[in-house]
Every structure is written in structure tokens, then in C-alpha cells.
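**Q** Here it is, the structure, as C-alpha cells.
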Amino acid sequence: MPIDILALAAHRDDVEQTCAGTLLKMAERGYRTGILDLTQGEMGTRGTAEDRAREAAEAARILKVSWRQALDIPDGRVENTWENRLKVVRVLREQRPRVLILPYWEGRHPDHYTASILGYEAAFISGLAKLNSAVSRQPSAPPVAIRLRLIVLSKLFTPACTAMCGLRLSSTSPTSSKRALQR
């Protein structure tokens, strides 16, 4: 079953710091959400890659994400190479998200802004039909890529996200202020 919204980040815990509220809100509304960490977090100053994996699994449970994976790109050396783009393309073709949340393309940490560019370019090439020889899955429509600054309030982001997902918010009744997400 495809993912509706996939958040991509360089390190385990980056998504939790940037768009966790949006992922939780969308999961609670019935959308399938996922997280793709590009690295295992082996260069982190606080803990080991194994510690980060346990924390990521617990965060995924709390955020009610349907799917989470970490690639094998070296932490501290996220590079926008053809090989790394293909790794992301494989995930995009497997999970088929309608929306891809990316880090903002400027920042202090090279892994963060490189992850943004890498994800953006991988989203584009994931839709190329002639890429089949390098990637096993068939292409689908590339996801809508959204780049976020460090923190975006879910209250502001969710309406934009739902609109780009091809979803709409509507009142549950003419007199109700409650909202229901409809496909």
C-alpha cells in the first residue's frame, strides 16, 4: 500500500525536529506516513548508531508512521551522487508517496542541505520511464516535493500538504467547526 506522505532527512531525529507534528496529525487523520533517514547516524556525538536506531523506532511508534527506513549513506558524507539518487529513487518507487517532505535547501550542516537537493533530484528522476534498467520498480508520478525550514507549525503546513496530496478539508456538517479529511 503506497505512502501518502514521506519525510526525507539526513539523520535519524531530523524529521522529529522539523515535521513530526505534521506526520502525526496526518496519521491521525488516516493517511499513511513514512520517514526515510539517509544515514544510520553513526557519527552522532550522543550515542551509537544502534542507540539512534532504537530511538528512531520509538519515535516512529509515537508518530504513528506506517513505514521507516534508514539508508546506508555515510553520516557526515551525504553527497548528491547518481548512486545515492538511485537509492532514494528505489524507495520512492517502492513506497509511491504523493508528497515528499524535504529539509530546507540552506543551512549550517552540509548533510541537511545536501539531503534536500538529493531528495528533490531523486523525486524528479523517479518518474523517468527509461530509468528502469537501473531501478527495478516501474515509475509512477513523482511526488510533490515540499522543502521545510527547521521548524514549520503543523497548523500552517497541514492545509498546504493536504491540498498538494489531492485531498480536501471539509466540515463534517454545515454547522460544525470540526474538520474531516476526505480523499
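The values are calculated or read from the model by the stated rules, or taken from the named source; none is laboratory data. Note that the structure is a prediction, hence the values are computed from the model and not measured. No Cβ is skipped: glycine too gets one built from the backbone with ideal geometry, and neighbour counts run over all protein chains shown.
**Q** Hey, does the range 69-82 have a residue that's part of a helix (DSSP H, G or I) and either among the hydrophobic types (A, V, I, L, M, F, W, C) or modelled with pLDDT of 90 or more (or both)? Talk me through it step by step, then tell me what you get.
**A** The first filter runs over the range 69-82 and keeps only residues part of a helix (DSSP H, G or I), leaving 82.
Adding the requirement that they be either among the hydrophobic types (A, V, I, L, M, F, W, C) or modelled with pLDDT of 90 or more (or both) leaves 82.
Among the residues of the range 69-82, at least one is part of a helix (DSSP H, G or I) and either among the hydrophobic types (A, V, I, L, M, F, W, C) or modelled with pLDDT of 90 or more (or both), which makes the answer yes.
**Q** Only residues that are acidic (Asp, Glu) and assigned to a loop (DSSP other than H, G, I, E, B): list them for the range 23-49, please. Working first, answer last.
**A** Narrowing the range 23-49 to residues acidic (Asp, Glu): 28, 37, 42.
The one that is acidic (Asp, Glu) and assigned to a loop (DSSP other than H, G, I, E, B): GLU42.
**Q** Just the residues that are within 16 Å of GLU55 (Cβ to Cβ) and either assigned to a loop (DSSP other than H, G, I, E, B) or modelled with pLDDT of 95 or more (or both), please, taken from the range 10-22.
**A** Matches in the range 10-22: ALA10, HIS11, ARG12, ASP13.
**Q** Residues to consider are ALA20, ALA53, ALA27, ALA49; find the one that is among the aliphatic types (A, V, I, L, M), touching a Gly at 6+ places or on another chain (Cβ under 7 Å), surrounded by fewer than 21 Cβ atoms within 10 Å (Cβ to Cβ) and over 15 Å from LEU118 (Cα atoms). Step through it out loud before you land on a result.
**A** Numbers: ALA20 fails: touching a Gly at 6+ places or on another chain (Cβ under 7 Å); ALA53 fails: touching a Gly at 6+ places or on another chain (Cβ under 7 Å); ALA27 fails: touching a Gly at 6+ places or on another chain (Cβ under 7 Å).
Within the list ALA20, ALA53, ALA27, ALA49, the selection yields ALA49.
**Q** Looking at the range 108-126, is at least one residue over 16 Å from the mean Cα position of the chain (by Cα), of a type in the set (Gly, Ala, Ser) and part of a loop (DSSP other than H, G, I, E, B)? Show your work before the answer.
**A** Taking the range 108-126 and keeping what is over 16 Å from the mean Cα position of the chain (by Cα), we get 108-110, 125.
Remaining after also requiring of a type in the set (Gly, Ala, Ser): none.
So far as the range 108-126 goes, no, none of its residues is over 16 Å from the mean Cα position of the chain (by Cα), of a type in the set (Gly, Ala, Ser) and part of a loop (DSSP other than H, G, I, E, B).
**Q** Taking the condition of being among the acidic types (Asp, Glu) and either touching a Ser or Thr at 6+ places or on another chain (Cβ under 8 Å) or within 13 Å of ASP14 (Cβ to Cβ) (or both), how many residues in the range 26-71 meet it? Talk me through it step by step, then tell me what you get.
**A** Taking the range 26-71 first, the residues among the acidic types (Asp, Glu) are 28, 37, 42, 50-51, 55, 58.
Filter again for either touching a Ser or Thr at 6+ places or on another chain (Cβ under 8 Å) or within 13 Å of ASP14 (Cβ to Cβ) (or both), leaving 37, 42, 55.
Of the residues in the range 26-71, 3 are among the acidic types (Asp, Glu) and either touching a Ser or Thr at 6+ places or on another chain (Cβ under 8 Å) or within 13 Å of ASP14 (Cβ to Cβ) (or both).
**Q** Related question: Got at least one residue in the range 88-97 being part of a loop (DSSP other than H, G, I, E, B), of a type in the set (S, T, N, Q) and closer than 19 Å to GLU121 by Cβ? Steps first, answer last, please.
**A** The first filter runs over the range 88-97 and keeps only residues part of a loop (DSSP other than H, G, I, E, B), leaving 96-97.
Filter again for of a type in the set (S, T, N, Q), leaving none.
Taking every residue of the range 88-97 in turn, none turns out to be part of a loop (DSSP other than H, G, I, E, B), of a type in the set (S, T, N, Q) and closer than 19 Å to GLU121 by Cβ.
**Q** Quick one: ASP111 ticks every box in (1) closer than 18 Å to GLY41 by Cβ; (2) surrounded by fewer than 16 Cβ atoms within 10 Å (Cβ to Cβ) bar one, so which box is it?
**A** Among (1) closer than 18 Å to GLY41 by Cβ; (2) surrounded by fewer than 16 Cβ atoms within 10 Å (Cβ to Cβ), the lone unmet condition for ASP111 is (2).
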